[in-house]
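**Q** The structure's right below; bear with me while I get my questions together.
The values are calculated or read from the model by the stated rules, or taken from the named source; none is laboratory data. Note that the coordinates shown come from a computational prediction; the quantities given were computed from them, not determined experimentally. Don't worry about glycine lacking a Cβ; one is built from the backbone with ideal geometry, like all the others, and counts go over all protein chains shown. Please note that ligands, DNA and RNA were not included when accessible areas were found on the heavy atoms of the full protein model with its side chains. Shrake-Rupley method; radii C 1.70, N 1.55, O 1.52, S 1.80 Å.
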Amino acid sequence: MSLATKPVTSAPTALATRLRGLQSTARELPDTPVEIRGQIPPWLIGGSLLLNGPALWDLPHGSYEHWFDGLAMLHRVRLAPGDVGGASATYRSRYLQTDDLRESLAARKPARSAFGTADPAGLFSRLRNLRHPIVTDNGAVVMARIGSQWVAQTETPLLTSFDPDTLATTGRIEYDDDEVIHVMSAHGVTDAQGTYWNVGVEMGPKCTYKLFKIVAGSRRREVVGRWSVRQAGYLHAFAMTPTHALVWQPAMRVNAIKLALAGKGFIDNFKWNAAMGSRIDAVSLTDGSVRSWAVPAMASFHAVQAWDEPSQDGRAPATLVLDLCTTDGPEIFSALRLDRLRAGQPVGVQHRVQRYRLELGRSDAQPRTLVEGTSVELPAVHGAYWGRQQSRHAWFAGFDPDGKAPMFDRTVKLDLDGGRIAGTWQREHAVQLEPLFVERPGSTAEDDGVLLVPTLAEGDEGTVIGVIDPASMQCLATLNLPQVVPFGFHAAFKPAWMPG
Ligand SMILES: [Fe+2]
């Protein structure tokens, strides 16, 4: 059967039309024209919007149980010169060719454990592979680069490379080292030199965190800092300043032995431990030394930003500042289970943006909520600011304050320093996902660029990408794609000047 010509299966239930992004009906399409309405800024032309995300949740003999679990598909929207000085665009899509996809298609059911789906293998198999467990390579969460090589990844150490133009899968990254890492942040970070940074954990009687980097052209994970804890926290992302990597441990803690042997879905091995609280570790990029702060119990997927605040003499940072999207409990993990989302149940979990000021010389920190009365996630700031300096404003996918909309339903600009909502863009009766900030080349103002926002409203034939001015929050144009892109999480933009 060709995935290009026939859907693998239909969704098991009829969904409200805006929730069609949770169906397993996306096709692999060759370059297909995209309708553009409005004016595309000329500096975007020649670039490509890349999306990945889960696409195939339902197989003939079994389904995945969590939004995060669907088998990954890559999507590319390429912008090219059009008639009379305008722009044209094409869309294409391909499944990421992973071992998990091949095994699951062959088995006609999920073949490996996933975030919220149990391991189909037996206990004997898990015992046999205790030190090197079989984990998924389903890179449905984030795309990053090692130099000019693009990789797709999830929360395991397995990186799959792909061609950003054809979307062909080009292979697994085989590491040239002996480091043991069992779980890894999904958010690998590529710096201005093309070096890939990430944090992983070696599970065991002690759980050892490892901050590492891979320089362009290498396959060697150079460990910059390592530190151990008794029970690791759920790890999805980390943040960087010019001097430190900041790694937060939510109150969702895991027993490493149960993780290895219980056979549950990955997140079902984590337990909320309010008494243990949360912790933020700062790893020096210079010497690998680690400082820690105890913070109140929280859960968090994403950092908005982080920066160094200098000391009086300006020579060394006196305070590290970290803005996180947080929740007060573990409910978000089950709120995103597929059956609940497909049934249209609102997520119903309050998300805050909280600022942690980590003062050197202290061992605890109390967060401050930056904007009251909002519930936002999937943050974005200008790329020249992230990891380098403070941005006053940030952009988010927002929840309906009345709690009635099933998923994110608006794009929100927050004035973090002023404590207010600075703007909103909203399509009627739509799901609106992560706003990707694409900065205008050479720009330095924090709102100089566009937001690219995947949306799906009742009645849309396919996904509609909003091209939004981050300053005014006005919609400049839409890219009307030829099919519904299943709801994913994070996008990337490959500008015209970037090789590869
Ligand atoms: Fe994420």
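**Q** Given the residues S334, S284, which is the only one that is farther than 30 Å from R20 by Cα, polar (S, T, N, Q) and away from the ligand (no atom under 16 Å from the Cβ)?
**A** Numbers: S334 fails: farther than 30 Å from R20 by Cα.
When all the criteria are applied, what remains is S284.
**Q** For S391, are the conditions met, namely being hydroxyl-bearing (S, T, Y) and either loosely packed, with under 14 Cβ neighbours inside 10 Å or free of Cβ contacts under 8 Å to residues at least 12 places away in the same chain (or both)?
**A** Spelling it out, it is not the case that S391 is hydroxyl-bearing (S, T, Y) and either loosely packed, with under 14 Cβ neighbours inside 10 Å or free of Cβ contacts under 8 Å to residues at least 12 places away in the same chain (or both).
**Q** Does T117 satisfy the condition of being touching a helix residue (DSSP H, G or I) at 6+ places or on another chain (Cβ under 7 Å), more than 19 Å from L481 (Cα to Cα) and at pLDDT below 90? Talk me through it step by step, then tell me what you get.
**A** Values: touching a helix residue (DSSP H, G or I) at 6+ places or on another chain (Cβ under 7 Å): yes; more than 19 Å from L481 (Cα to Cα): yes; at pLDDT below 90: yes.
Criteria met by T117.
**Q** Now a separate question. Only residues in segment 41-53 that are over 28 Å from F68 (Cβ atoms) count as the first member; pair them with residues that are of a type in the set (S, T, N, Q) and open to solvent by 20 Å² or more (accessible area, probe 1.4 Å), Cβ under 9 angstrom, at least 6 apart or cross-chain, and list the lot.
**A** Listed by first residue and then by second, the contacts come to I45/S88.
**Q** Tell me which residues, restricted to segment 374-399, are within 16 Å of the ligand (Cβ to nearest atom) and either closer than 20 Å to G488 by Cα or modelled with pLDDT of 95 or more (or both).
**A** Of everything in segment 374-399, those that are within 16 Å of the ligand (Cβ to nearest atom) and either closer than 20 Å to G488 by Cα or modelled with pLDDT of 95 or more (or both) turn out to be V376, E377, L378, P379, A380, V381, A394, W395, F396, A397.
**Q** Right, A186: within 16 Å of the ligand (Cβ to nearest atom) and either over 30 Å from I332 (Cβ atoms) or not in a strand (DSSP E or B) (or both) or not? Write out each step before concluding.
**A** On the way: within 16 Å of the ligand (Cβ to nearest atom): yes; either over 30 Å from I332 (Cβ atoms) or not in a strand (DSSP E or B) (or both): yes.
Spelling it out, A186 is indeed within 16 Å of the ligand (Cβ to nearest atom) and either over 30 Å from I332 (Cβ atoms) or not in a strand (DSSP E or B) (or both).
**Q** All but one of (1) within 16 Å of the ligand (Cβ to nearest atom); (2) closer than 23 Å to R128 by Cβ hold for L261; which doesn't?
**A** The number of the failed condition is (1).
**Q** Taking L127, is it hydrophobic (A, V, I, L, M, F, W, C), open to solvent by less than 40 Å² (accessible area, probe 1.4 Å), away from the ligand (no atom under 16 Å from the Cβ) and on the phi < 0 side of the Ramachandran plot?
**A** Values: hydrophobic (A, V, I, L, M, F, W, C): yes; open to solvent by less than 40 Å² (accessible area, probe 1.4 Å): no; away from the ligand (no atom under 16 Å from the Cβ): yes; on the phi < 0 side of the Ramachandran plot: yes.
No; evaluated as a whole, the condition is false for this residue.
**Q** Does segment 209-221 hold any residues that are out of contact with any Gly (no Cβ under 6 Å at 6 or more places or on another chain) and either without any contact (Cβ under 8 Å) to a residue 12 or more places away in the chain or buried (at least 17 other Cβ atoms within 10 Å of the Cβ) (or both), and which are they?
**A** Once the filter is applied, which keeps residues that are out of contact with any Gly (no Cβ under 6 Å at 6 or more places or on another chain) and either without any contact (Cβ under 8 Å) to a residue 12 or more places away in the chain or buried (at least 17 other Cβ atoms within 10 Å of the Cβ) (or both), segment 209-221 yields Y209, F212, K213, I214, R221.
**Q** Only one of these is away from the ligand (no atom under 16 Å from the Cβ), of a type in the set (A, V, I, L, M, F, W, C) and out of contact with any Phe, Trp or Tyr (no Cβ under 7 Å at 6 or more places or on another chain): A168, A232. Name it.
**A** Of A168, A232, the one residue that is away from the ligand (no atom under 16 Å from the Cβ), of a type in the set (A, V, I, L, M, F, W, C) and out of contact with any Phe, Trp or Tyr (no Cβ under 7 Å at 6 or more places or on another chain) is A232.
**Q** Quick test for you: out of A140, A114, pick the one residue that is within 16 Å of the ligand (Cβ to nearest atom), touching a His at 6+ places or on another chain (Cβ under 8 Å), open to solvent by less than 50 Å² (accessible area, probe 1.4 Å) and part of a loop (DSSP other than H, G, I, E, B). It would help to see each step written out before you state the result.
**A** On the way: A140 fails: touching a His at 6+ places or on another chain (Cβ under 8 Å).
Going through A140, A114 in turn, the sole match is A114.
**Q** Being touching a helix residue (DSSP H, G or I) at 6+ places or on another chain (Cβ under 8 Å) and either open to solvent by less than 10 Å² (accessible area, probe 1.4 Å) or basic (K, R) (or both) is the filter here, so list the residues in segment 175-208 that pass it.
**A** Passing the criteria: only C207.
**Q** Among the numbered criteria (1) open to solvent by 30 Å² or more (accessible area, probe 1.4 Å); (2) in contact with a strand residue (DSSP E or B) (Cβ under 6 Å, 6 or more places away or on another chain); (3) touching a residue at least 40 places away in the same chain (Cβ under 8 Å), which one does T170 miss?
**A** Unmet for T170, out of (1) open to solvent by 30 Å² or more (accessible area, probe 1.4 Å); (2) in contact with a strand residue (DSSP E or B) (Cβ under 6 Å, 6 or more places away or on another chain); (3) touching a residue at least 40 places away in the same chain (Cβ under 8 Å): (3).
**Q** Has segment 344-352 got at least one residue that is farther than 23 Å from P242 by Cα and of a type in the set (A, V, I, L, M, F, W, C)?
**A** yes
**Q** Quick check: is even one residue across segment 211-225 assigned to a strand (DSSP E or B), within 16 Å of the ligand (Cβ to nearest atom) and closer than 30 Å to R388 by Cβ?
**A** Within segment 211-225 (the criterion being assigned to a strand (DSSP E or B), within 16 Å of the ligand (Cβ to nearest atom) and closer than 30 Å to R388 by Cβ), the answer is no, since none of the residues qualifies.
**Q** Still on this structure, I have one more. If I go through segment 458-500 residue by residue, how many of them are open to solvent by less than 40 Å² (accessible area, probe 1.4 Å), under 25 Å from P441 (Cα atoms) and either in contact (Cβ under 8 Å) with a residue 60 or more places away in the chain or within 16 Å of the ligand (Cβ to nearest atom) (or both)?
**A** Selection size over segment 458-500: 16.
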